[in-house]
Amino acid sequence: MSIYLSIVIPAYNEAPVLDQFLPSLYCALAELPDQQEIVIVDDGSRDNLREVFQAHLAACPAHIALRLVQLSRNFGKEAALSAGLANTQGRIVAMMDADGQHPISVLQEMLALNQQGIDMVVGVQANRSHESWLARSLKRGFYHFMQDTHRYEIKPNAGDFRLMSRKVVDALLALPERQRFMKGLYAWVGFKPCMFRLRRMSVRMARASAKPRIVLTRP
Ligand code: UDP
Ligand code: MG
């Protein structure tokens, strides 16, 4: 079976959100050639994500292979992404969050750039005005200190919403790191990225059982 596009979705306690998100994704994928696959990585969720997956398995369109990678506990997004990538077969691989923050509507444009020969198309959150001054300053400082600008650059504001050719995915998977900082590894493998400017990202849909945490964004 020839899989054109794989979409990796890391998910931690996202059952209700994913339930809403998947049908929109099915619609977007209906336009594409060949088969597609959606690889959901359950990063040790404590909600009913598995049941939601089972329900979608029955209802998923025939041109989409819906798959679940079940991690034994919560490892964090970086590890979940790596586990997802390792379980893809597509000629192109995209990564999207489960919470609806990454706009499905731009997938076609990102795919068109890939068709033009760009192996790494990166969604860039250009407008961070919804974040506090403190959050923006801390992030700026972090990226400043992480750079090795002679050899590679970790692009600020470039997250994990990306579309990659199979050769980039294979290069990422070949790296032996076990504690993986994905934004560093994307830069390290060295394929010239194309920055795809995102209009403001959507607000995350509510996570079912998220622990309270300090949020460095404006109310
Ligand atoms: N996520 C995960 N494991 C975690 C935390 C988050 O797989 O331990 C997933 C989460 O379900 C979502 C994505 O990673 O699909 C981004 O998480 P979140 O929305 O919390 O991060 P942010 O939007 O603040 O970057
Ligand atoms: Mg989010």
message: Can you find a residue that is within 16 Å of ligand 2 (Cβ to nearest atom), in contact with a Leu (Cβ under 7 Å, 6 or more places away or on another chain) and in contact (Cβ under 8 Å) with a residue 40 or more places away in the chain anywhere in the range 24-46?
response: yes
task: Identify the residue in the range 1-30 that is of a type in the set (Gly, Ala, Ser) and in a loop (DSSP other than H, G, I, E, B) and, among all such residues, is surrounded by the most Cβ atoms within 10 Å (Cβ to Cβ).
output: ALA30
field: All positions within the range 76-108 that are farther than 21 Å from SER2 by Cβ and either away from ligand 2 (no atom under 16 Å from the Cβ) or assigned to a helix (DSSP H, G or I) (or both)
entry: LYS77, GLU78, ALA79, ALA80, LEU81, SER82, ALA83, ILE104, SER105, VAL106
- prompt: Counting just the residues of the range 95-134 that are loosely packed, with under 13 Cβ neighbours inside 10 Å and of a type in the set (Ser, Thr, Tyr), which one comes out farthest from ligand 1 (Cβ to nearest atom)?
  reply: SER105
- request: Could you run through the range 31-53 and say how many residues are under 8 Å from LEU68 (Cβ atoms) and outside any strand (DSSP E or B)?
  value: 2
message: Can you tell me which residue is surrounded by the most Cβ atoms within 10 Å (Cβ to Cβ) among those in the range 151-166 that are touching a residue at least 24 places away in the same chain (Cβ under 8 Å) and among the basic types (Lys, Arg)?
response: ARG162
- request: For LEU68, state whether it is among the hydrophobic types (A, V, I, L, M, F, W, C), farther than 20 Å from SER165 by Cα and either part of a strand (DSSP E or B) or under 15 Å from the mean Cα position of the chain (by Cα) (or both).
  value: yes
- line: Scanning the range 135-166 for residues that are of a type in the set (Gly, Ala, Ser), in a helix (DSSP H, G or I) and in contact with a strand residue (DSSP E or B) (Cβ under 8 Å, 6 or more places away or on another chain) gives ALA135
message: It is to be established whether one or more residues within the range 24-43 are of a type in the set (Asp, Glu), farther than 27 Å from GLY184 by Cβ and at pLDDT 95 or above.
response: no
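Going through the range 167-179 one residue at a time, which ones are buried (at least 16 other Cβ atoms within 10 Å of the Cβ) and out of contact with any strand residue (DSSP E or B) (no Cβ under 6 Å at 6 or more places or on another chain)?
Pass one, the range 167-179, residues buried (at least 16 other Cβ atoms within 10 Å of the Cβ): 168-169, 171-172.
Once the filter is applied, which keeps residues that are buried (at least 16 other Cβ atoms within 10 Å of the Cβ) and out of contact with any strand residue (DSSP E or B) (no Cβ under 6 Å at 6 or more places or on another chain), the range 167-179 yields ALA171, LEU172.
The values are calculated or read from the model by the stated rules, or taken from the named source; none is laboratory data. If you're wondering where the values come from, they're calculated on a predicted model, not measured in any experiment. Ideal geometry is used to build each Cβ from the backbone, glycine not excepted, and the neighbour counts take in all protein chains shown.
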